[in-house]
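S.K.: Quick one: the structure is below, and I'll ask about it shortly.
Computed from the coordinates by the stated procedures, all read-outs in this text should not be read as laboratory data. What you are looking at is a predicted structure, and each value in this text was computed from that prediction instead of being measured. For neighbour counting, all protein chains shown are included, and Cβ atoms are generated from backbone atoms with ideal geometry for every residue, glycine included.
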Amino acid sequence: MNEIDNLARSFKYAFKGFGWMIFNERNFRIHLTCFTYMAYFLFRYDFFVLERVEYAVLILAAALVIGGEMINSGIEKADDSVSRETIHTIKISKDAAAGAVLVFACAAVFVGIVLLWQPEAFRLLFNHFIEQPICLVSLVLSLVASMLFIFKLNNKFLRKMKKKIQKGKGKK
């Protein structure tokens, strides 16, 4: 097997892992949704004044939370494959990994507060939504969709939907 095939396969596995996280880990979906909203508001509207390095710091902080959540899930699954019993060292491993995600998330929030504490920008954003009701409606609808994504999109839900679709096709 040549190096390009090995590289392509490693990317394939990475994307599969990312997809697995989306469909199986609610906290990952929460972090991903927060990152998406942050990125949207920062790049869609020019209300916030940031330097390029500040954008980079925000993106890096968000990436650490998302990556930390992936590592945490990997540790949890590896520990679960060893034993489902309550073993003291496995509990410590899982708790420490979850604690690491908490540290990353708190740090990301603090970075966000430090860089985005711009009351004038929030006032302008608020006024934008008041002056453009369609944007406010779109925001509310996107929040509803986000809640469904976070709390309903999982493998159990997808299996139920697949069964309903197959059942519906069988009736024709």
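S.K.: Count neighbours as other Cβ atoms within 10 Å of each site's Cβ, and list the chymotrypsin sites (Phe, Trp or Tyr not before Pro) in the stretch 79-172 that are DSSP loop with at most 13 such neighbours.
M.R.: Details: sites: 104, 110, 117, 122, 126, 129, 149, 151, 157; in loops: 117.
Here the chymotrypsin sites (Phe, Trp or Tyr not before Pro) that fit, given the DSSP loop and packing criteria, are 117.
S.K.: How large is the dipole of the chain about the Cα centre if only Lys and Arg carry +1 and Asp and Glu carry -1, each at its Cβ, rounded to the nearest 20 debye?
M.R.: For this selection, approximately 1700 debye.
S.K.: Which one, 138, 165, 101, projects farthest toward the positive side of the charge dipole computed for the chain from Cβ point charges (K/R +1, D/E -1)?
M.R.: About the Cα centre, the residue reaching furthest to the positive side is 165.
S.K.: For the Cα atoms of the chain, what angle does the longest principal axis make with the long axis of helix 3-24, in degrees from 0 to 90, nearest 10?
M.R.: So the inclination is approximately 80 degrees.
S.K.: In the stretch 31-93, what trypsin sites (Lys or Arg not before Pro) fall in a loop by DSSP, with at most 15 other Cβ atoms inside 10 Å?
M.R.: On the way: sites: 44, 52, 77, 84, 91; in loops: 84.
Loop-located and lightly packed - 84.
S.K.: Next up: Could you tell me how many degrees, from 0 to 90 and to the nearest 10, lie between the Cα long axis of helix 155-171 and the main elongation axis, the longest principal axis, of the Cα atoms of the chain?
M.R.: Taking Cα atoms only, the helix is inclined about 80 degrees.
S.K.: Under 24 Å Cα to Cα from residue 16, which lysines show up? Leave out anything in the same chain fewer than 8 places away.
M.R.: Output for residue 16: 77, 94, 152, 156, 160, 162, 163.
S.K.: Taking the Cβ of each residue in 21, 147 as the centre, tally the other Cβ atoms inside 10 Å and list the residues starting with the fewest.
M.R.: On the way: 21 19, 147 11.
By the 10 Å Cβ count, ascending, the order reads 147, 21.
S.K.: Which one of 71, 59, 87 has the biggest mean-square fluctuation once the chain is modelled by GNM with Cα springs under 10 Å?
M.R.: Among 71, 59, 87, the largest mean-square fluctuation in the Gaussian network model of the chain belongs to 87.
S.K.: Expressed in nm to one decimal, what extension gain is obtained for the pair residue 120 and residue 147 from 0.36 nm per residue of sequence separation less their Cα-Cα distance?
M.R.: Numbers: separation 27, 0.36 × 27 = 9.72 nm, distance 2.85 nm.
Fully extending the segment from residue 120 to residue 147 adds 6.9 nm.
S.K.: Remind me, relative contact order of the chain in percent, using alpha carbon pairs under 8 angstrom and six or more residues apart? Intermediate values should be presented prior to the final figure.
M.R.: Numbers: 77 pairs, mean separation 55.6, N = 172.
This gives 32 percent for the chain.
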